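Here is the structure we will look at, set down as structure tokens.
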Amino acid sequence: MMLPAEGYLLRIFIGESDRHDGKLLHEWIVMKAREEGLAGATVMRGMLGFGAHSRLHTFKIERLSQDLPIIIEIVDTREKLEKFLALIDNEIEEGMATLEEVRIHFYRAGQKPND
């Protein structure tokens, strides 16, 4: 798969314990992105954060450490990401999604760069 040099980055901010049909929401989103043929997805677990409810989520507070912030990043074309957002939008009860233009320097799998 080739990506143009000008792409878009979709960031989805959710909680670690958020679920969709009994499955962890971040896992469901990544699997859905794969099904839709997006270029790739990465899930990152935050150490500290707060959202719309202003509740602090941190690994330092034992009772809140089960719901740490999760960020899912997906890079692809604007059209594919907007289509994907429309597909998942109503399935996410809480969180935030952002879309921003990015410059793609390379996207490859096991290929050596040309000299």
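The values are calculated or read from the model by the stated rules, or taken from the named source; none is laboratory data. The shown structure was predicted, so the numbers you read here are calculated from the model rather than taken from an experiment.
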**Asked** With (1) at pLDDT 95 or above; (2) part of a loop (DSSP other than H, G, I, E, B) as the list, and ARG55 as the residue in question, which single condition is left unmet?
**Response** (1)
**Item:** In segment 78-107, the residues that are modelled with pLDDT of 95 or more and hydroxyl-bearing (Ser, Thr, Tyr)
**Value:** THR98
